[in-house]
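Chemist: Here it is, the structure in full.
The values are calculated or read from the model by the stated rules, or taken from the named source; none is laboratory data. These numbers come from a predicted model, not from an experiment. Positions of Cβ are generated from backbone atoms using ideal geometry, with glycine treated the same way; all protein chains shown enter the neighbour counts.
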């Protein structure tokens, strides 16, 4: 009976040891990565990740790979939308995370010698010109793009598809 | 909780606001679009922010339009910004009617933020005004199988390999077993240049997937038309999109800044790629950094380098950061070659021991080395423990049986 208890204890200890070793391995080699987002700029900070796998789809179909060894300290811009990402270091591929780049529709009017309409947001916009409630024109502007306009009427910007 | 204000109220507000002659108008709103999948009886608050980009005194009028305007209630109609207000957050309530379930497809509403125009001393409104829209898109699923699809064309450069990404969203209530796309490329003279077939995938209801096709670009630069047909379980949907085959010669791939310390000389490693089929002579980088008053604070140049055809090379520039304060600076990186220039607008975030460069593209490359998925590791761990314990249990059951 005593012998049986010792056997049980050995098996439990062996399993505990196995768990400790496995979790220690995962703890040491898990690719720990932080993401910081500022506007539509994204930056990954990591100690032990080599690659960030990023995709607009949760199943990582059509993924992009960011090589952190070569692109440390680099922020890059992404178009607005939802992104899934996971870090990898060649040993362990981390859990899937998600971040959202919010779209920003922005429109400005610059007045110097001419009057220009400027897309100050981060998405392509479809601008309609209205006079007395009637649409009289349409302009498509990419981010940072500008176009000379007549300094009259109401210009309304909507995110273009 | 007024939903919309009347025309009379709008006019009253406009006439009340009597300020100086305008110099510039600007207004922002985020998000530009909120997409909702239809659920019967859905009722919730949705946040949005109005941005006072110029940080000035401003009044903004909020209204709702579109076919879902009856389903949306604004909590605020007229908002006031002071110079210190960079942005303000608001909410609106959306309550979807049950009758919408009988109308599959896209339903929209616009939350319109209009900068209330300023009037001159005579009370007349001067100049154009701006308004920005936060769209609400509600997708009502169809009973059977139906899709939405769009095309993105990446890296369409002469003598390069372009990627055609067809994003397909299953808007139906049923899953799709097999979805694929065929893309026909036409010149502006309607001559077919190439037909590309994408891979094929299955697609669950309400989910999206990206189909990919590759095209070795062997046509001159210019505008082309892609006619896309998406086939899904015996049905098809077609659409068109115009795209440009460019001829980019030199691209700025990245900027590396290692071991940065404020007050010392920073080494900037600017990686550029010559995408032309000809060597480029005397290529150099010119980085201009502007201070808070938009005046040139730094103007540095790298040494000139020759870059062989279709290769990457690092241009090294040194920035003496003595006298530079911690903060964010805007800048412009110009890589000059052959009397031309490739430019990138940047934001440089300077800290005591780091320099973050925002705005340079990131390299996207397929990578062979893949780690073991953490979920897989944990599943294996659980399976091993289960097997060990099961074996242990069976072993001792047998031992007990033998003893009996």
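Chemist: Collect the residues in the stretch A:1-38 that are under 25 Å from residue A:84 (Cβ atoms) and not in a loop (DSSP other than H, G, I, E, B), keeping them in residue-number order. First the steps, then the outcome.
Modeler: Step one: list which residues in the stretch A:1-38 are under 25 Å from residue A:84 (Cβ atoms), which gives A:26-27, A:29-38.
Correct list: A:26, A:27, A:29, A:33, A:34, A:35, A:36, A:37, A:38.
Chemist: For the stretch B:111-127, state whether one or more residues are touching a strand residue (DSSP E or B) at 6+ places or on another chain (Cβ under 6 Å), buried (at least 20 other Cβ atoms within 10 Å of the Cβ) and over 25 Å from residue A:119 (Cα atoms).
Modeler: No, there is no match, as no residue in the stretch B:111-127 is touching a strand residue (DSSP E or B) at 6+ places or on another chain (Cβ under 6 Å), buried (at least 20 other Cβ atoms within 10 Å of the Cβ) and over 25 Å from residue A:119 (Cα atoms).
Chemist: Suppose we keep only residues that are outside any strand (DSSP E or B) and at the interface with chain B (Cβ under 10 Å from one of its Cβ atoms) within the stretch A:101-123. Which one would you say is modelled with the lowest pLDDT?
Modeler: Of all residues in the stretch A:101-123, those outside any strand (DSSP E or B) come to A:102-104, A:112-114, A:120-123.
When the remaining residues are screened for being at the interface with chain B (Cβ under 10 Å from one of its Cβ atoms), the result is A:102-104, A:112, A:120-123.
On the way: A:102: 87, A:103: 90, A:104: 91, A:112: 81, A:120: 90, A:121: 88, A:122: 85, A:123: 87.
So the residue we want is A:112.
Chemist: Counting only residues that are assigned to a strand (DSSP E or B) and more than 7 Å from chain B (Cβ to nearest Cβ), how many does the stretch A:89-100 have? Don't jump to the end; show me each part of the working.
Modeler: Applying the first criterion (assigned to a strand (DSSP E or B)) to the stretch A:89-100 yields A:92-93, A:97-100.
After this cut, where a residue has to be more than 7 Å from chain B (Cβ to nearest Cβ) as well, the list is A:97-100.
The qualifying residues number 4.
Chemist: In the set A:98, A:86, which member is under 30 Å from residue B:179 (Cα atoms), at pLDDT 90 or above and surrounded by fewer than 16 Cβ atoms within 10 Å (Cβ to Cβ)? Steps first, please.
Modeler: Working: A:86 fails: surrounded by fewer than 16 Cβ atoms within 10 Å (Cβ to Cβ).
Of A:98, A:86, the one residue that is under 30 Å from residue B:179 (Cα atoms), at pLDDT 90 or above and surrounded by fewer than 16 Cβ atoms within 10 Å (Cβ to Cβ) is A:98.
Chemist: Here is a follow-up. In the list B:27, B:114, B:96, which residue meets the criterion of being in contact (Cβ under 8 Å) with a residue 24 or more places away in the chain and touching a helix residue (DSSP H, G or I) at 6+ places or on another chain (Cβ under 7 Å)?
Modeler: None of the other options fit; the residue is B:96.
Chemist: Check whether at least one residue in the stretch B:70-78 is within 14 Å of chain A (Cβ to nearest Cβ) and at pLDDT below 95, and report yes or no.
Modeler: Taking the stretch B:70-78 first, the residues within 14 Å of chain A (Cβ to nearest Cβ) are none.
No; the residues of the stretch B:70-78 include none that is within 14 Å of chain A (Cβ to nearest Cβ) and at pLDDT below 95.
Chemist: Could you tell me which residue of the stretch B:121-161 is nearest to residue B:178 (Cα to Cα), considering only residues that are facing chain A (nearest Cβ under 9 Å) and outside any loop (DSSP other than H, G, I, E, B)?
Modeler: We begin by selecting, within the stretch B:121-161, every residue facing chain A (nearest Cβ under 9 Å); these are B:126-135, B:150.
Next, only the ones that are outside any loop (DSSP other than H, G, I, E, B) stay: B:129-135, B:150.
Working: B:129: 49, B:130: 46, B:131: 43, B:132: 40, B:133: 37, B:134: 35, B:135: 32, B:150: 17 Å.
Selected residue: B:150.
Chemist: Condition first: more than 9 Å from chain B (Cβ to nearest Cβ), modelled with pLDDT of 85 or more and either outside any strand (DSSP E or B) or surrounded by fewer than 19 Cβ atoms within 10 Å (Cβ to Cβ) (or both). Now tell me which residues in the stretch A:131-159 satisfy that. Working first, answer last.
Modeler: Step one: of the stretch A:131-159, the residues more than 9 Å from chain B (Cβ to nearest Cβ) are A:131-143, A:145-148.
Subsequent filtering for residues that are modelled with pLDDT of 85 or more retains A:136-141, A:146-148.
The answer is A:136, A:137, A:138, A:139, A:140, A:146, A:147, A:148.
Chemist: I need a count of the residues in the stretch B:339-372 that are under 21 Å from the mean Cα position of the chain (by Cα), assigned to a strand (DSSP E or B) and at pLDDT below 70.
Modeler: Number satisfying all stated conditions: 0.
Chemist: Further, regarding this structure: Only one of (1) at negative phi; (2) at pLDDT below 85 fails for residue B:294. Which number is that?
Modeler: (1)
Chemist: Here is a further query. Hey, does the stretch B:237-247 have a residue that's outside the structural domain of residue B:350 (by TED's automatic domain parsing), surrounded by 18 or more Cβ atoms within 10 Å (Cβ to Cβ) and farther than 30 Å from residue B:286 by Cα?
Modeler: Scanning the stretch B:237-247, I find no residue that is outside the structural domain of residue B:350 (by TED's automatic domain parsing), surrounded by 18 or more Cβ atoms within 10 Å (Cβ to Cβ) and farther than 30 Å from residue B:286 by Cα, so the answer is no.
Chemist: When the stretch B:184-216 is examined, which residues are found to be under 15 Å from residue B:232 (Cβ atoms) and either part of a strand (DSSP E or B) or not assigned by TED's automatic domain parsing to the domain that holds residue B:229 (or both)? Break it down stepwise before answering.
Modeler: We begin by selecting, within the stretch B:184-216, every residue under 15 Å from residue B:232 (Cβ atoms); these are B:197-211.
Answer for the stretch B:184-216, where residues must be under 15 Å from residue B:232 (Cβ atoms) and either part of a strand (DSSP E or B) or not assigned by TED's automatic domain parsing to the domain that holds residue B:229 (or both): B:197, B:201, B:202, B:203, B:208, B:209, B:210, B:211.
Chemist: Scanning the stretch B:43-63 for residues that are farther than 28 Å from residue A:115 by Cα and crowded, with 16+ Cβ neighbours inside 10 Å, which turns out nearest to the other protein chains (Cβ to nearest Cβ)?
Modeler: Step one: filter the stretch B:43-63 for residues farther than 28 Å from residue A:115 by Cα, giving B:43-48.
Cutting the leftovers down to crowded, with 16+ Cβ neighbours inside 10 Å gives us B:46, B:48.
Values: B:46: 13, B:48: 10 Å.
Going through the qualifying residues, I end up with B:48.
Chemist: Just checking, which of B:164, B:231 is within 14 Å of chain A (Cβ to nearest Cβ) and in contact with a strand residue (DSSP E or B) (Cβ under 7 Å, 6 or more places away or on another chain)? Step through it out loud before you land on a result.
Modeler: Details: B:231 fails: within 14 Å of chain A (Cβ to nearest Cβ).
Only one candidate passes the filter, namely B:164.
Chemist: Which numbered condition in (1) over 21 Å from residue B:136 (Cα atoms); (2) part of a strand (DSSP E or B) is the only one that residue A:127 fails?
Modeler: (1)
Chemist: Return the total of residues in the stretch B:203-225 being more than 14 Å from residue B:180 (Cα to Cα) and surrounded by 19 or more Cβ atoms within 10 Å (Cβ to Cβ).
Modeler: 3
Each row is one residue, and each column tells you yes or no for (1) more than 7 Å from every other protein chain (Cβ to nearest Cβ); (2) in contact with a helix residue (DSSP H, G or I) (Cβ under 7 Å, 6 or more places away or on another chain); (3) modelled with pLDDT under 85.
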{"site": "A:2", "(1), (2), (3)": "yes, no, yes"}
{"site": "A:13", "(1), (2), (3)": "yes, no, no"}
{"site": "A:21", "(1), (2), (3)": "yes, no, no"}
{"site": "A:34", "(1), (2), (3)": "yes, no, no"}
{"site": "A:52", "(1), (2), (3)": "yes, no, no"}
{"site": "A:64", "(1), (2), (3)": "no, no, yes"}
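Chemist: Output the residues belonging to the stretch B:178-213 that are within 12 Å of chain A (Cβ to nearest Cβ) and farther than 22 Å from residue B:37 by Cα.
Modeler: B:198, B:199, B:200, B:201, B:211, B:212, B:213
Chemist: Looking at (1) touching a strand residue (DSSP E or B) at 6+ places or on another chain (Cβ under 8 Å); (2) at pLDDT below 90, which is the only condition residue B:213 fails?
Modeler: (2)
Chemist: Looking at (1) part of a loop (DSSP other than H, G, I, E, B); (2) touching a strand residue (DSSP E or B) at 6+ places or on another chain (Cβ under 6 Å); (3) closer than 30 Å to residue B:317 by Cα, can you tell me which one residue B:271 breaks?
Modeler: Unmet condition: (1).
Chemist: Would you check which residues across the stretch B:257-268 are surrounded by fewer than 17 Cβ atoms within 10 Å (Cβ to Cβ) and within 10 Å of chain A (Cβ to nearest Cβ) and list them?
Modeler: B:258, the sole residue that qualifies.
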